[in-house]
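Just so it is clear, none of the values below were taken in a lab; they were calculated from the coordinates. Quantities reported herein were computed from a predicted structural model and do not represent experimental measurements. With ideal geometry, Cβ positions are generated from the backbone for all residues, glycine too; neighbour counts draw on all protein chains shown.
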Amino acid sequence: MIKWKNLIFNILVPNVLGFLGSLVGNVQNGFEGIIKPSFTPPAIVFPIAWTILYILMGISSYIISESSSKDKNSALIIYGIQLLLNVSWTYFFFNLNWFFFSFILVLIILVLVIIMIRKYYKINKVAAYLQIPYVLWLIFAAILSYNVYLLN
């Protein structure tokens with residue numbers, strides 16, 4: 001039985017945090033002001049991709065939070081930490097132009113997400129599988145961040 005209020009809340013949390021992060025991070029102006037590698041997607045791709053990823057994060061966190069597993073709290077703590085780091089990345093990258101730091105931060109987030117997926121997998125395989133696009137996007141983001149660092 002789906003608890004719709006909890007599901008919607010879990011989906012809204014990462015989306016609202018991501019939106020706030022993009023405002024604080026001054027993404028629109030920051031994206032235009034940097035030299036980007038040729039494989040950088042158009043700017044419109046990023047909010048679409050992140051919205052999808054945040055929805056998947058929310059669904060996964062809902063599944064985990066509704067489980068009866070004794071390990072759910074530690075899994076959700078890792079989720080929360082990686083989400084806060086994810087949101088802070090925008091500020092470091094676009095406002096401060098700390099490109100190398102941002103690259104390292106993406107790698108840290110990637111490691112945390114892999115740990116999170118392992119914890120999710122022990123609790124609910126679907127919740128873990130829903131995070132695979134996020135891992136792939138983080139790998140791409142790391143490559144992109146590193147190349148922005150090299151170019152700037």
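A few remarks follow.
- Per residue, the convex hull spanned by the Cα atoms of the range 1-93 amounts to 105 cubic angstrom.
- Shape metrics for the range 82-138, restricted to C-alpha atoms - Rg then Dmax, Å: 12.7, 38
- Selection from V27, S67, S102, by position along the positive dipole direction of the range 1-130 (Cβ): S67
- For the chain, averaging the sequence separation of C-alpha pairs within contact (under 8 Å, six or more residues apart) and dividing by the residue count gives a relative contact order of 32 percent.
- Values of log10 I(q)/I(0), in the order q = 0.15, 0.16, 0.22, 0.34 Å⁻¹, for the range 60-106 under a Debye, Cα-only, solvent-free model: -0.50, -0.54, -0.71, -1.14
- Taking trypsin sites (Lys or Arg not before Pro) in DSSP loop states with no more than 14 other Cβ atoms inside 10 Å as exposed sites, the chain has its longest site-free stretch at 71-152.
- For the range 126-131, putting each phi into the Karplus relation 6.51 cos²θ - 1.76 cosθ + 1.60 with θ = phi - 60° gives couplings of 4, 4, 5, 4, 5, 8 Hz, in residue order, rounded to whole numbers and with x for Gly and Pro.
- The Rg/Rh ratio for the range 15-150 is 0.99, where Rg is the radius of gyration of the alpha carbons and Rh is the Kirkwood radius.
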